[in-house]
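S.K.: Here it is: the structure, laid out below.
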Amino acid sequence: MSNAPSLSFRQARLDDAAFLAPFVNAAYRGDSSRVGWTTEADYLDGQRTDDEGIRELITAPHSMLLLCLQGDEIVGSVHLQKRADAAYLGMLVTRPDLQGQGIGKQLMTAAEVVVREEWDVRKMEMTVITLRAELLAFYERRGYRRTGIIKPFPTDARFGLPRVEGLQFEVLEKELF
């Protein structure tokens, strides 16, 4: 039996955007992110996203931000985007002080159900910074496999300012049944 909290899920609305940009940034960057284990603060400075970027993800065709709520409080979110024969999972966030309680696992499971049911896709893809061995291992335990496909880290400062050389992504994928 799981000790994970009881959660609910819903699609983000435009009125969630003002909350979500600082929520995502606090989970990925800066000292606030160091409370959790998924921080990128040692690898990147700057923001992860902004209000405009969040609004674009909410309103773009074949795109959604799925929110994870504990009661009325947003405790996690993930971006999903339909592609040709797969869905992309990105910007997975759990509030740093709640990490390690199973919220991220439940959010990933909910995201996989949503893309199967709403978009009728059977494969999920994601990219992970190759230096993040603990994060790669987390996703592998969730059934994602490393493809060996490497992509460059974006040079647009909107996504962060590298603190280390050689940042790159590896594509991971999972068949959804």
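The values are calculated or read from the model by the stated rules, or taken from the named source; none is laboratory data. From a predicted model like this one, the values you see are computed outputs, not experimental measurements. FYI the Cβ positions are ideal-geometry reconstructions off the backbone, even for glycines, and counts take in every protein chain you see. Quick note on the areas: whole protein, heavy atoms, side chains included, nothing else; ligands and nucleic acids left out. Shrake-Rupley method; radii C 1.70, N 1.55, O 1.52, S 1.80 Å.
S.K.: Quick one: accessible surface of Phe9, probe radius 1.4 Å, all protein chains present, in square angstrom to the nearest 10.
M.R.: Per-residue accessible area (Phe9): approximately 70 Å².
S.K.: Now a separate question. When all protein chains stay in place, what accessible area (Å², nearest 10, 1.4 Å probe) is found for Met64?
M.R.: For Met64, the solvent-accessible surface is approximately 10 Å².
S.K.: If you don't mind, another one. Using a 1.4 angstrom probe on the protein heavy atoms only, line up Arg95, Arg141 by accessible area, largest first.
M.R.: Reading off the accessible areas and sorting them downward yields Arg141, Arg95.
S.K.: Continuing with the same structure: For the range 70-177, give the percent of accessible area contributed by carbon and sulfur heavy atoms, probe 1.4 Å, rounded to a whole number.
M.R.: That fraction is 48 percent.
S.K.: Here's something else I'd like to know. Counting only other residues whose beta carbon sits under 11 Å from that of Gly90, what net charge do I get with K and R as +1, D and E as -1?
M.R.: Numbers: positive: Arg48; negative: Glu125.
Around Gly90, the surrounding residues sum to 0.
S.K.: Which distance in nm do the two modelled labels at Arg83 and Asp156 give, with both placed 7 Å along the Cα-to-Cβ direction?
M.R.: The modelled label-to-label distance comes out at 1.6 nm.
S.K.: Same structure again: Please calculate the 1.4 Å probe accessible area of Leu57, with all protein chains present, and give it to the nearest 10 Å².
M.R.: So the heavy atoms of Leu57 present about 40 Å² to solvent.
S.K.: State the number of lysine pairs found in the chain whose Cα atoms come within less than 15 Å, restricting to pairs 8 or more positions apart or on distinct chains.
M.R.: Total qualifying Lys-Lys pairs in the chain comes to 4.
S.K.: For a bin width of 10 Å, list the pair-distance distribution of the chain built from all Cα-Cα distances, rounded to whole %.
M.R.: 10, 38, 42, 10, 0
S.K.: Taking only protein heavy atoms and a 1.4 Å probe, what accessible area per residue, in Å², does the range 45-171 have with all protein chains in place?
M.R.: On the way: 6190 Å² over 127 residues.
Each residue of the range 45-171 exposes 49 Å² on average to a 1.4 Å probe.
S.K.: Can you sort Phe153, Phe177 by 1.4 Å-probe accessible area, starting with the largest? Walk me through the numbers before you get to the answer.
M.R.: On the way: Phe153 25, Phe177 195 Å².
So the residues, ranked largest to smallest area, are Phe177, Phe153.
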